[in-house]
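*Asks:* This structure is in structure tokens; I'll ask about it shortly.
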Amino acid sequence: MQLNRESALTRAVALASRGRRAILGITGAPAAGKSTYAEQLAAELVADGYQVTLVPMDGYHLAQASLEQFGLAAVKGAPQTFDGYGFVALLKRLKESPDETIWAPRFDRSIEDSIAASIPVPPETTLVVTEGNYLLFDQVPWATGRALLDECWYIDLEDDLRHERLEARHRRFGRSPQEAHERTYGTDEANAKLIAATKPSADAIVTLT
């Protein structure tokens, strides 16, 4: 199924109006626009009066100190650099304990680390929007998390534009032009290929441009 912004909003409204809590996943390759889109979608739904909370998967990045300790800093963003089991446990709580206020972590890009218990999900929330790289990954533990999502959408963006955005992001956060290029076409591209392989499993393909 192909969705544009308008049809995606209509579909999200339906999820938020079901009378029980739903979880919508949004995935895509690095710099495809999933984080920005998820923020915009959640804000638009809230502005229209729906009880929506955004809970990004990035809050489950392993701490930078741990990445360095275990030799994973160079591949930050790969599946093994996340606490996947912790993220799945959060999704399970969000799905099965809607009467509790549940606190989720968030990732602070300015310090390149996660901050625990930063995002409250109150009982009033009828739609949780979560976004991240591996929501459709078919390996444990990610596959368990996929079963907890009511829907998962894949954000599609042509590679040249995505690469351009990704290099610019790396430079914006302090990497040199050479470092940004190497990261974009190295670790990030390897991750992007893993993520692209999950595209056929999406409930919908969203085109933002």
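*Asks:* Can you tell me which residues in the stretch 12-42 are surrounded by 20 or more Cβ atoms within 10 Å (Cβ to Cβ), over 23 Å from K193 (Cα atoms) and charged (D, E, K, R)?
*Replies:* Within the stretch 12-42, just R21 meets the criteria.
*Asks:* Moving to a separate point now. Please count how many residues of the stretch 1-14 are under 18 Å from the mean Cα position of the chain (by Cα) and either under 25 Å from E124 (Cα atoms) or small (G, A, S) (or both).
*Replies:* Counting residues in the stretch 1-14 that are under 18 Å from the mean Cα position of the chain (by Cα) and either under 25 Å from E124 (Cα atoms) or small (G, A, S) (or both) gives 3.
*Asks:* Moving to a separate point now. Against the condition touching a residue at least 24 places away in the same chain (Cβ under 8 Å), of a type in the set (A, V, I, L, M, F, W, C), surrounded by fewer than 21 Cβ atoms within 10 Å (Cβ to Cβ) and touching a Gly at 6+ places or on another chain (Cβ under 7 Å), how does V88 come out, does it pass?
*Replies:* Working: touching a residue at least 24 places away in the same chain (Cβ under 8 Å): yes; of a type in the set (A, V, I, L, M, F, W, C): yes; surrounded by fewer than 21 Cβ atoms within 10 Å (Cβ to Cβ): yes; touching a Gly at 6+ places or on another chain (Cβ under 7 Å): yes.
In short, yes.
*Asks:* Which condition number does Q80 fail, the rest of (1) surrounded by fewer than 21 Cβ atoms within 10 Å (Cβ to Cβ); (2) at pLDDT 95 or above; (3) touching a helix residue (DSSP H, G or I) at 6+ places or on another chain (Cβ under 9 Å); (4) more than 17 Å from T207 (Cβ to Cβ) being met?
*Replies:* (3)
*Asks:* Then there's this: For L45, indicate whether it is surrounded by 14 or more Cβ atoms within 10 Å (Cβ to Cβ), more than 14 Å from the chain's Cα centre (by Cα), in a helix (DSSP H, G or I) and in contact (Cβ under 8 Å) with a residue 60 or more places away in the chain. It would help to see each step written out before you state the result.
*Replies:* Numbers: surrounded by 14 or more Cβ atoms within 10 Å (Cβ to Cβ): yes; more than 14 Å from the chain's Cα centre (by Cα): yes; in a helix (DSSP H, G or I): yes; in contact (Cβ under 8 Å) with a residue 60 or more places away in the chain: yes.
Yes: the conditions hold for L45.
*Asks:* Under 8 Å by Cβ, and 6 or more places apart or on different chains, what pairs join a residue from the stretch 17-30 that is touching a residue at least 12 places away in the same chain (Cβ under 8 Å) with one that is part of a strand (DSSP E or B) and among the small types (G, A, S)?
*Replies:* Sorted first by the residue in the stretch 17-30, then by its partner, the list stays empty.
*Asks:* I'm trying to understand the selection: among the residues of the stretch 170-187, which are within 19 Å of A29 (Cα to Cα) and of a type in the set (S, T, Y)?
*Replies:* T184, Y185, T187
The values are calculated or read from the model by the stated rules, or taken from the named source; none is laboratory data. This is a predicted model, so every value here is computed, not measured. Cβ sites come from the backbone with ideal geometry, for glycine too, and all protein chains shown count toward neighbours.
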